[in-house]
Amino acid sequence: MLDLLSVAGQLRRMRSDLARLDDERGPRLEAAASAWRQAVALGPALRDRVLKARTSWLVAEPLEELRAYDVVPPGSYRVAASDGSQVFPDRHEMAQCFLVNVGLVQIDYRAYAAAMTSAPTLCWLPADVYPLVGGMRQEADGRVVAARRFAAECDALTGAAASNDLLLTDGTLLLWWLDPDPDRLRALPPDDVKSRTLASLNAMTAASRDAGSVPVGYLSAPRSTDVVSMLKVVLCTEEPVDCDRCPYTSGKKAWGSRPAQTDALRMLPAPERPCEEVETIADAALFARLLHPGQRSGRFRSSAQVAQAYEAPIDFVYLHTGAEIARLEFPAWVTPDGLDSMCGMVADQCDKGLGYPVALAEAHEQGVVRGNDRRAFQDLLRRQGAGPVSAKLSRKRLSVL
Amino acid sequence: MNTVTRVGEIVEASTTRFRAVAPEAFVPPAFGSFVKAVSGARTVFAVVAHVEHASLDPSRRAIPLGRTWEELRREQPQVIDLLQTEFDALCVAFRDGDGPVAPYLPPVPPRVHDFVAVCESAEIRALTSDLSFVRTLGSSGLGVAGELVAAAIRAAADARDDRRSFLLRAGREVADLYRQDYEQACSILRRLGMRIAGDDHDHPAPASVAVRRESSR
């Protein structure tokens, strides 16, 4: 049982600590805003500096002038969105299996029509529950199911690509969690879970390109720091930037930005390098200062390594939806006009969805497996299956009082 | 059933009533109208007693969107697909095969997923001729029992050529049923376009039923 009184006491302490942390972050956000102005002043030289930099963090490559861009309202359009949910495998259940449920929503604002469906897939074959993952056979775990779910979301959109202008997925298109090494990913056999997931993503973006639609990964509350990392490159005092030869790490140089506050009271360590002046600031916090509702950032290219295994690099912009700063990820082949119209459609989706794309929200509603459904699924499994569940599971379900 | 209009599909059923979902949102059968559920060889007749428009998903409530219906169709076409219309119907009679209509509750309720259709005029005449539906609906315990009785009587009268004589007969049944509740009797009869002798309600009425204020028994 959860001791809520104890949790409440800890929450009070957390609240006051977080308020202090916000105070300490204030100057760092100022530093980021000032670095942004320096970056703007660099003009085209910024891109050269970024491309020459050897850093230990992912740095966004600027593809457009650093400024706010007004988003143009879209004409009538057709949008498809998919979102999935799952029942993870449970080794205490008698039958080893898992379930992936994908919601697909298509809204046509030309014909004023909507189609909302969900498609469950029950996976029980040995190749499902004991699959090849990164070249090794292993029991299907949370990551395998997440990969299968992402692939199923992509497959649903592949089928919808021809009849829609915008294809929305929930979350990043950068599958760093699948495998950070693009060469290893490419070398895997086609029946490997990782290869199949990548193949589904590639098929979706290819179908979208063929159909003239735009696939977008929509990230609400993004925590990415690619653009702030680009500012670290601006703040670095070295030419060229090379983290492996950092003079502040080696002790050749000292960074003099020592705070007046005593270290004991600080929640964040004092910056010991110029780049650390903007540490812990996320891109979203920066763009919340730089963008007004209905504006987007310039276009950037992600340097995430996994994208090297893709058919095209992944670009992104930040969009002020009115409710938050969202990150939109899309393939590099999207044209400037395509980007404009895509941002217009996404902004309109957020308007219609009270801050979050309405098609994605409804796809979630279609795809979600709620507690009741989960229990009903487990009951069905038990009624149709054979053999007992584990002693631990049956004890959990029948307490002795 | 030949040319039936399907107005719903049963999602819950009990001895006395069933709940059905209309195939299209906002298109329910009328309150007080006669419907039937064909459950295998048996047809169960019922009266629509409650209609509800709400979210398809019980865990989601509709929220005010500040748009006209035209704007909603244009800007939020999915919203209409997420709403549904449900109705409750009180069982009043049944018929096995081509047999006669039995004007009382069926031995078992219709099944979940049985379709619900509007009754044809001949069926309504057959199941309402002995007026027992008036008592079944009157004793339903619903807050709107009086309204329901009146609406069902009007629907039964509409299925007849001799509307007026049926209304008079049903009016007497109402007066007898509510002989201990003069106000309720008056209220129902007014809803049938009738007036009881001694009812001093302002509205003029085209027909009147001779009913004594006290019980005649």
Problem - Check on A:Gly103, more than 14 Å from chain B (Cβ to nearest Cβ) and in a strand (DSSP E or B) - result: no
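Quick grid of which residues meet (1) within 30 Å of A:Pro131 (Cβ to Cβ); (2) among the hydrophobic types (A, V, I, L, M, F, W, C):
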position: A:Asp210; (1), (2): yes, no
position: A:Gly217; (1), (2): yes, no
position: A:Cys275; (1), (2): no, yes
position: A:Pro293; (1), (2): no, no
Practice task
Count, please, the residues in the stretch A:164-180 that happen to be outside any loop (DSSP other than H, G, I, E, B) and acidic (Asp, Glu).
Solution key: 1
Exercise for the section: Look at A:Asp351 and say whether it is free of Cβ contacts under 8 Å to residues at least 12 places away in the same chain and either within 14 Å of chain B (Cβ to nearest Cβ) or in a helix (DSSP H, G or I) (or both). Expected result: no
Practice task
Consider A:Asp183 carefully, then state whether it is out of contact with any strand residue (DSSP E or B) (no Cβ under 7 Å at 6 or more places or on another chain), charged (D, E, K, R) and not in a loop (DSSP other than H, G, I, E, B).
Solution key: yes
Completion exercise
Output for Cβ contacts, cut-off 6 Å, separation at least six or different chains, first residue within 30 Å of A:Asp165 (Cα to Cα) in the stretch A:179-207, second among the hydroxyl-bearing types (Ser, Thr, Tyr) and assigned to a helix (DSSP H, G or I), reads A:Ala203/A:Thr158; A:Met204/A:Thr158; A:Ala207/A:Thr158
Handout entry: Options B:Val11, B:Val7; residue that is touching a residue at least 40 places away in the same chain (Cβ under 8 Å), crowded, with 19+ Cβ neighbours inside 10 Å and more than 13 Å from every other protein chain (Cβ to nearest Cβ)
Key = B:Val7
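Residue-by-condition table, conditions (1) touching a Phe, Trp or Tyr at 6+ places or on another chain (Cβ under 8 Å); (2) under 30 Å from A:Val72 (Cα atoms); (3) at pLDDT 95 or above:
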site	(1), (2), (3)
A:Ser250	no, no, no
A:Gly256	no, no, no
A:Ala260	no, no, no
A:Met267	no, no, no
A:Pro271	yes, no, no
A:Asp283	yes, yes, yes
A:Phe287	yes, yes, yes
A:Arg299	yes, yes, yes
A:Gln308	no, no, no
Exercise for the section: Tell me, yes or no, whether the stretch A:100-111 has at least one residue that is over 28 Å from A:Ala307 (Cβ atoms) and free of Cβ contacts under 8 Å to residues at least 24 places away in the same chain. Expected result: yes
Fill in the blank from the handout: By residue number, the members of the stretch A:65-80 that are among the hydrophobic types (A, V, I, L, M, F, W, C) and away from chain B (no Cβ under 14 Å) are A:Leu66, A:Ala68, A:Val71, A:Val72
Problem - Any chance A:Ser56 is among the hydroxyl-bearing types (Ser, Thr, Tyr) and within 14 Å of chain B (Cβ to nearest Cβ) - result: no
Exercise for the section: Could you tell me which of the residues A:Ala161, A:Ala140 is surrounded by 21 or more Cβ atoms within 10 Å (Cβ to Cβ) and part of a loop (DSSP other than H, G, I, E, B)? Expected result: A:Ala140
Exercise for the section: Name every residue in the stretch A:310-348 that is out of contact with any Phe, Trp or Tyr (no Cβ under 6 Å at 6 or more places or on another chain) and in a helix (DSSP H, G or I), in order of residue number. Expected result: A:Pro336, A:Asp337, A:Gly338, A:Leu339, A:Asp340, A:Ser341, A:Met342, A:Cys343, A:Gly344, A:Val346, A:Ala347, A:Asp348
Completion exercise
Sole miss for B:Ile80 among (1) surrounded by 14 or more Cβ atoms within 10 Å (Cβ to Cβ); (2) closer than 20 Å to B:Ile124 by Cβ is condition (2)
Handout entry: Index of the failed condition, B:Ser129 passing every other in (1) surrounded by 16 or more Cβ atoms within 10 Å (Cβ to Cβ); (2) closer than 19 Å to B:Glu173 by Cα
Key = (1)
Exercise for the section: Look at the stretch A:67-84 and say how many of its residues are among the aromatic types (Phe, Trp, Tyr) and either in a loop (DSSP other than H, G, I, E, B) or free of Cβ contacts under 8 Å to residues at least 40 places away in the same chain (or both). Expected result: 1
Completion exercise
(1) part of a loop (DSSP other than H, G, I, E, B); (2) at pLDDT 90 or above; (3) not polar (S, T, N, Q) all hold for B:Ala205 apart from (2)
Handout entry: Among (1) away from chain A (no Cβ under 14 Å); (2) exposed (fewer than 13 other Cβ atoms within 10 Å of the Cβ); (3) at positive phi - the single one B:Gly32 does not satisfy
Key = (2)
Fill in the blank from the handout: Expected single match for under 28 Å from A:Val105 (Cβ atoms), within 13 Å of chain A (Cβ to nearest Cβ) and touching a His at 6+ places or on another chain (Cβ under 7 Å) among B:Leu83, B:Leu72, B:Leu56, B:Leu65 is B:Leu83
Fill in the blank from the handout: Residues of the stretch A:112-126 being within 14 Å of chain B (Cβ to nearest Cβ) and within 25 Å of A:Gly142 (Cα to Cα), in sequence order, are A:Thr117, A:Ser118
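Quick grid of which residues meet (1) more than 21 Å from A:Ser208 (Cβ to Cβ); (2) within 14 Å of another protein chain (Cβ to nearest Cβ); (3) buried (at least 21 other Cβ atoms within 10 Å of the Cβ); (4) more than 27 Å from the chain's Cα centre (by Cα):
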position	(1), (2), (3), (4)
A:Ser82	no, no, yes, no
A:Phe88	yes, no, no, no
A:Gln96	yes, no, no, yes
A:Ile107	no, yes, yes, no
A:Arg110	no, yes, no, yes
Practice task
Any residue in the stretch A:142-165 that's farther than 24 Å from A:Ala115 by Cβ: show its pairings with residues that are in a helix (DSSP H, G or I) and not hydroxyl-bearing (Ser, Thr, Tyr) at Cβ separation under 6 Å, as long as the two are six or more apart or on different chains.
Solution key: A:Val144/A:Val193; A:Ala147/A:Val193
Handout entry: Search result, residues across the stretch A:123-137 that are under 26 Å from the mean Cα position of the chain (by Cα) and assigned to a strand (DSSP E or B)
Key = A:Cys123, A:Leu132, A:Val133
Exercise for the section: Could you grab me the full set of residues in the stretch A:225-251 that are in contact (Cβ under 8 Å) with a residue 40 or more places away in the chain, part of a helix (DSSP H, G or I) and exposed (fewer than 14 other Cβ atoms within 10 Å of the Cβ)? Expected result: A:Asp244
Exercise for the section: Output yes when any residue across the stretch A:361-369 is in a loop (DSSP other than H, G, I, E, B), within 14 Å of chain B (Cβ to nearest Cβ) and farther than 20 Å from A:Ser208 by Cβ, and no when none is. Expected result: yes
Exercise for the section: Check A:Cys275 against each of (1) touching a residue at least 24 places away in the same chain (Cβ under 8 Å); (2) in a loop (DSSP other than H, G, I, E, B) and name the one condition it does not meet. Expected result: (2)
Completion exercise
Within the stretch B:134-153, the count of residues that are more than 10 Å from the chain's Cα centre (by Cα) and touching a residue at least 12 places away in the same chain (Cβ under 8 Å) comes to 8
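The values are calculated or read from the model by the stated rules, or taken from the named source; none is laboratory data. Predicted model only: the values in this text are computed from it and were never measured. Methodologically, a virtual Cβ is constructed for each residue, glycine included, from the backbone with ideal geometry; neighbour enumeration extends over all protein chains shown.
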